[in-house]
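Participant: Structure incoming, see below.
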Amino acid sequence: MPIQTEPVTINLGPQHPSTHGVFRLRVTFDGELVLDVEPIFGYLHRGTEKLAEERTYVQIVTLTDRLDYVASMTNNQAYTRAVEKLSCIDVPERAQYLRGITAELQRIASHLISTGFLLQEMGTFGGTPLMYCFRERERILDMFEMLCGARITVSYMRPGGVTQDAPPEFWEALAVFTRDMPGYIDDLEGLISDNEVVLARTRDVGILSDELAVAGSVTGPMLRASGVQWDLRKADPYEIYDRVEFDVPIGATGDTFDRYIVRVQEMRESVRIIEQCVEQIPGGPVRSDAPFFMRPPAGDAYAAVEAPKGELGFYLVSDGGISPYRCKIRSPSFINMNVLKDMLVGWKMGDLIIIFGSTDIVMGEVDR
Amino acid sequence: MTLELDGAELARRINEALPGAATEWNGAYVWVEPESLLDVARFLKDTPDLDFSTLRGITAVDYVEHFEIIYHLLSMRRNHSVVLKTRRFGREEPTIDSVIGIWKGADLQEREVWDLMGVRFEGHPNMKRVLLWEGFPGHPLRKDFIR
């Protein structure tokens, strides 16, 4: 007689199933096998969209820092682009380049965190590769500090440009960084990409098909790992991206390893973009004279950027007042969770943590 | 560049296939009748030269006398986009058809709109709150919400 087992439902979290923030997964297991998954969000919900309705357009920049708190620069960029589109403000050339440089630095920082934590979740090296990733990220944060005095919650960008020009020491640090970074990425890859443990645990695990990814509104490295060549920087180039050359890496199968390797390759492309920006950057003002109390004309606008996690968009509705009538945030981390259940069901407990880690979500952005 | 399709031209094509479905257009926006939303969505997704296979986002705006539900649509293959809008009058639990059968990506976004704006999506298999907890009084993004 076969042994009968009963499915067991277990809460993973809400503390930390894998250090991405306060998040709960209610998982039904049959032994070790995942039968059903229900993600439960909201532990970090701060009502950002409602708060935005009571603040001026410039004040909201500080709220956007706290969405995806490992990629504040791209949050600033998405928001300020929506305001600029709504009120038809032009951004000076130099500011566009500074935005491009900081956004790409931020992308590297975010992908370093994602890669580091993915390894942490595999438990393979007991924290060492995570610290390697943090070491390089620290240099990026130091550069942000030179720009605006803050490391995480930068609020560097403003509608109409950036707050201030970069100091001379920023350019020196940036030159050293772009010189060292490719070699560092080689080191990281040498440590991981050929590692047998990593390969065994990530190859063909948690496959996300391209049809499912497109149907599920998935964006960012997760979509590209599934083999869909869609990057807003290429498909809908904003600011400087039509003036620089870079490739959009895509994955072959959409497994966990592809999601990791696409991010690593994107870091290389980001370094390329930064180098070209440094060569091309013109002189001039860094901010057009947009007023502090902006009153955009009544209407609405949607602007999106390719944030490290995917398409981050802001949909602003103005009624002509000093604060937006409605501020909707299209957060990639949240929307990418549409396919979480499809990716996890049928895998084992140990795979669950790694697959979830490879989706690279940040709860500040999911819960808003 | 992602091409924003002309609303007037798209509305003409929608009305050709589904008479009376599109009521207004302006720039890249098309307003449709809420009753024919599902048909329009299917038409936009299945017509080969439109090919709106991705739902970028769903959101709702409370204009006090009505709710406007906004669908940002995108075709990755053809690299063009359009914004579909529809209006729902009445504040006592307005409802609209769920597009989850057409775009799987509507799942969490429709739940979010229900949670924060209180527009219910008919036909969604799991119409529960997503960011707030069950039993939370009211829908915070409504203009008459009092803390």
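Participant: What order do you get for A:PHE356, B:PHE89 when you list them from fewest to most C-beta neighbours inside 10 Å?
Facilitator: Listed from fewest to most nearby Cβ atoms, that is B:PHE89, A:PHE356.
Participant: Could you pull out every one of the lysines with an alpha carbon less than 27 Å from that of A:LYS50, ignoring same-chain neighbours closer than 8 positions?
Facilitator: Straight-line reach from A:LYS50, under 27 Å: A:LYS85, A:LYS309, A:LYS328, B:LYS85, B:LYS104, B:LYS128, B:LYS143.
Participant: Placing +1 at every Lys and Arg Cβ and -1 at every Asp and Glu Cβ, with all other atoms neutral, what dipole size does the protein assembly as shown have around its Cα centre, in debye to the nearest 20?
Facilitator: Computed about the Cα centre, the dipole is about 1000 debye.
Participant: Kindly express, to the nearest 10 degrees and within the range 0 to 90, the angle between helix A:128-148's C-alpha long axis and the longest C-alpha principal axis of chain A.
Facilitator: The two axes meet at around 10 degrees.
Participant: Which is farthest toward the positive dipole end of the range A:126-238 among A:GLY149, A:LEU174, A:TYR132, measuring Cα position about the Cα centre, with Cβ charges +1 (Lys, Arg) and -1 (Asp, Glu)?
Facilitator: So the residue furthest toward the plus end is A:GLY149.
Participant: With unit charges on the beta carbons (Lys and Arg positive, Asp and Glu negative) and the dipole taken about the Cα centre of chain B, which residue among B:ILE102, B:GLY135, B:GLY27 sits farthest to the positive side?
Facilitator: Result: B:GLY135, furthest along the dipole toward the positive end.
Participant: Report, in deg cm²/dmol and to the nearest 500, the calculated mean residue ellipticity at 222 nm for chain A, where each DSSP H run with n ≥ 4 adds -39500 (n - 2.57) and the sum is divided by the residue count.
Facilitator: When only DSSP H runs of four or more count, the value is -14500 deg cm²/dmol.
Participant: What is the range A:87-187's relative contact order, in percent, from Cα pairs under 8 angstrom and six or more apart in sequence?
Facilitator: After rounding, I find 26 percent.
Participant: Moving to a separate point now. State, as an integer percentage, the relative contact order of chain A based on alpha-carbon contacts under 8 Å between residues 6 or more apart.
Facilitator: 27
Participant: Sum up the charges of everything whose Cβ sits under 14 Å from the Cβ of A:GLU169, counting Lys and Arg as +1 and Asp and Glu as -1, but leave A:GLU169 out.
Facilitator: Computed value for this residue: -3.
Participant: Counting other beta carbons within 10 Å of each Cβ, put A:GLU169, A:GLU136 in order, fewest first.
Facilitator: A:GLU169, A:GLU136
Participant: Let me ask you something else. Under a Cβ-only charge scheme (Lys and Arg +1, Asp and Glu -1), can you give me the dipole magnitude of the range B:22-147 about the Cα centre, in debye to the nearest 20?
Facilitator: 400
Participant: Work out the length of the dipole vector of the range A:48-335 about its Cα centre, built from +1 on the beta-carbon of each Lys and Arg and -1 on the beta-carbon of each Asp and Glu, and round it to the nearest 20 debye.
Facilitator: Dipole size: approximately 780 debye.
Participant: So what's the angle, to the nearest 10 degrees on a 0 to 90 scale, between helix A:93-122 and the longest Cα principal axis of chain A?
Facilitator: Helix A:93-122 and the main axis of chain A meet at about 20 degrees.
Participant: Further question: Loop-only GluC sites (Glu not before Pro) in the range A:49-98, please: DSSP not H, G, I, E or B, and at most 10 other Cβ atoms within 10 Å.
Facilitator: Passing sites in the range A:49-98 are A:GLU54.
Participant: Can you list the residues of the range A:103-118 with backbone N under 13 Å from a point 7 Å past the Cα of A:VAL278, pointing along Cα to Cβ?
Facilitator: Within reach of a label on A:VAL278: A:105.
Participant: On a 0 to 90 degree scale, rounded to 10, what angle separates helix A:256-280 from the longest Cα axis of chain A?
Facilitator: Helix A:256-280 sits at roughly 20 degrees to that axis.
Participant: Over chain B, what is the mean sequence separation of C-alpha contacts under 8 Å (at least six apart), divided by residue count, expressed as relative contact order in percent?
Facilitator: In percent, rounded to a whole number, it is 19.
Quick note: the coordinates plus some simple rules give every number you see, no bench work behind them. Keep in mind that this is a model prediction, so the values were computed, not measured. With ideal geometry, Cβ positions are generated from the backbone for all residues, glycine too; neighbour counts draw on all protein chains shown.
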